[in-house]
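The values are calculated or read from the model by the stated rules, or taken from the named source; none is laboratory data. As the structure is a prediction and not an experimental result, all values here were calculated from the model. Here the Cβ positions follow ideal geometry from the backbone for every residue, glycine too, while neighbour counts run over all protein chains shown.
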Amino acid sequence: MPQRTPLYDAHIEAGARMVDFGGWEMPINYGSQIEEHHHVRRDVGMFDVSHMTIVDLRGRDTPAFLSRLLANDIGKLATPGKALYSCMLNEEGGVIDDLITYRMDEHWYRMVVNAATRENDLAWLNRQAEGFDLELAERAELAMVAVQGPGAREAVIRILASDDAERASSLKPFSAAECGALFVARTGYTGEDGFEVALPPDEAQAFWEQLVANGVAPCGLGARDTLRLEAGMNLYGQDMDTTVTPLESGLAWTVAMGDEREFIGREALERQREDGVPRKLVGLVLEGRGVLRHGQKVLTDAGDGEVTSGSFSPTLERAIALARVPADTGETVSVDIRGKALPARVVRPPFARNGEICDGIL
């Protein structure tokens, strides 16, 4: 039976359509998915993301452990509150998960990983932590709400106590702070500004209802998916997994190989760079009518590729996708949609962010 978040009753009362998502009963939408998408791009919306897994790592060896565990360099987090996006790789360079890690103090770091990979991630973390002086603690009791859009920060700050509001308003992108009982991070998965807020479960519904009263629209996972796709953000299990490396997934920028730091998967990535990365992740914009979906074949002069994520884009009002294609793929391809080869343009994601269509997309 799927698990339920502390906000389950609020979703039912709001008329949400619930689905099983990674073993959790989650809202896919509350009515019009497209309207929810536009709320976030143009104003402010919020998502229940309590299914995400929060892990606290504490101890003297935590920085050294994370330096070995992550492909990105945890040493970049020079001050408390800073956040780092990274992939966690296996020895072959395959992506076990992508995640955000926050430095809270010298020996305390907080990690947020994907719900669908929870069991594998926790097993991997515990196995790799052997021999390090640290403790891993899953914070399964915490709820989490993502408030996103041009008006998101103002909406959250408005309902915080004065000292907490001041602390939250001073946060820079990709940073976090404790605001009373709340953990407030200026991060997100939509391509818009906003906060992701972790809080005790008995406070979650009141927080949600306060936001609703301040004009924040509840949004489901359907809109979250089209928003992240427009923003060019990968979805684990579709755009990347253990069979591909970050170099094949548009995530080379998250791999810090400029020093001698040894991290899990480094040797495999070095070999792949020396041999030549065979595939790349690109954006596609369908030239005509049609729908791009995961798994469709992409036909190129350099060989076949595959759509990894695809959907109708409410912002662009046309079909867009992420696709893994041969490295030598040019600027135009065709996509096999129900036996018809339909033309598409190759573009560099993101497609839309900060309320606007990105340059060079249309």
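Does Ala161 fit the bill of being modelled with pLDDT under 95 and either surrounded by fewer than 19 Cβ atoms within 10 Å (Cβ to Cβ) or under 22 Å from Asp97 (Cβ atoms) (or both)? For Ala161, the condition - modelled with pLDDT under 95 and either surrounded by fewer than 19 Cβ atoms within 10 Å (Cβ to Cβ) or under 22 Å from Asp97 (Cβ atoms) (or both) - is met. Taking segment 60-119 as the range and being more than 16 Å from the chain's Cα centre (by Cα), in a loop (DSSP other than H, G, I, E, B) and among the hydroxyl-bearing types (Ser, Thr, Tyr) as the test, only Thr79 passes. Apart from one condition, Gly288 fits all of (1) within 23 Å of Arg41 (Cβ to Cβ); (2) surrounded by fewer than 18 Cβ atoms within 10 Å (Cβ to Cβ); the exception is (1). Just to be sure, is Ser50 under 19 Å from the mean Cα position of the chain (by Cα) and not in a strand (DSSP E or B)? In short, yes. Scanning segment 335-362 for residues that are surrounded by fewer than 16 Cβ atoms within 10 Å (Cβ to Cβ) and more than 27 Å from the chain's Cα centre (by Cα) yields Asp336, Arg338, Gly339, Lys340, Ala341, Pro343. Exactly one condition in (1) among the hydrophobic types (A, V, I, L, M, F, W, C); (2) in contact with an Asp or Glu (Cβ under 7 Å, 6 or more places away or on another chain); (3) crowded, with 20+ Cβ neighbours inside 10 Å is false for Met18; which is it? The failed condition is (3). Restricting attention to segment 173-196, the residues that are under 19 Å from Ala231 (Cβ atoms) and surrounded by fewer than 18 Cβ atoms within 10 Å (Cβ to Cβ) add up to 2.
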